[in-house]
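Everything on this sheet refers to the single structure shown next.
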Amino acid sequence: MTLLAFIALAALVAVFMEFWAMFLHGQVWHRWLWFTHASHHRPRQGLFEFNDIFAVLHAAIAIALIAWGEAGQGWAALVGPHWWALAIGAGMTAFGMAYFVVHDGLAHGRLPVQFLAKFRWFRVVRNAHRVHHRFGRQDDGLPFGLFLGQWELRRARQKRN
């Protein structure tokens, strides 16, 4: 295993997580776990909402993978027998951090990162997420992705035409 393979797997997992989040959001959270996710579609009271449980669950999985991949080896874990678990956990963590900053911070104002709106791409991502919140649970609340939300909107428009 090389450092390049580690980075490639972590990057692949980070990208995959957007599709995983899109699937969960549309097929699970807006359907049979709506009772939990609905807290995200209502005005928040306090710092946390019940919906945050989804982030905690994914973080626990990433932490477990990192711990197993590292297993007391330190940086030697990059070449150890479970390097792939460390890479998967790192990819999940990278996605989670990006999601937290852009979704919770920029789109919902839970972090002081509004300066990101100076960049067009971040504004597009934020605005697509606002479209999702306008729908709520109806019409399946398109788009369900965060970073690919604009792509989902464009795809939905093309299907209608």
Under 6 Å by Cβ, and 6 or more places apart or on different chains, what pairs join a residue from the range 2-31 that is more than 19 Å from Leu153 (Cα to Cα) with one that is modelled with pLDDT of 90 or more and surrounded by fewer than 18 Cβ atoms within 10 Å (Cβ to Cβ)? Ala14/Ala94
With criteria (1) modelled with pLDDT under 95; (2) over 24 Å from Phe144 (Cβ atoms); (3) not β-branched (Val, Ile, Thr), Asn127 comes up short on (2)
Hits in the range 35-53 (condition: surrounded by 13 or more Cβ atoms within 10 Å (Cβ to Cβ) and not in a loop (DSSP other than H, G, I, E, B)): Thr36, His37, Ala38, Ser39, His40, His41, Phe50, Asn51, Asp52, Ile53
So which of Ala59, Ala107, Ala98 ends up being among the aliphatic types (A, V, I, L, M), under 30 Å from Phe135 (Cα atoms), out of contact with any Leu (no Cβ under 7 Å at 6 or more places or on another chain) and buried (at least 19 other Cβ atoms within 10 Å of the Cβ)? Ala107
Could you give every pair whose Cβ atoms fall below 7 Å, whose first residue belongs to the range 94-117 and is within 15 Å of Met17 (Cβ to Cβ), and whose second residue is among the aromatic types (Phe, Trp, Tyr), counting only separations of at least 6 or pairs across chains? Val102/Phe122
Among residues of the range 93-136, those that are in a loop (DSSP other than H, G, I, E, B), of a type in the set (D, E, K, R) and under 16 Å from Leu153 (Cα atoms), counted: 0
Assess whether Glu49 counts as being within 19 Å of Phe144 (Cβ to Cβ), charged (D, E, K, R) and touching a helix residue (DSSP H, G or I) at 6+ places or on another chain (Cβ under 6 Å). yes
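The values are calculated or read from the model by the stated rules, or taken from the named source; none is laboratory data. Note that the structure is predicted; figures quoted are calculated from it, not measured. Here the Cβ is made from the backbone with ideal geometry for all residues, glycine too, and neighbour counts use every protein chain on show.
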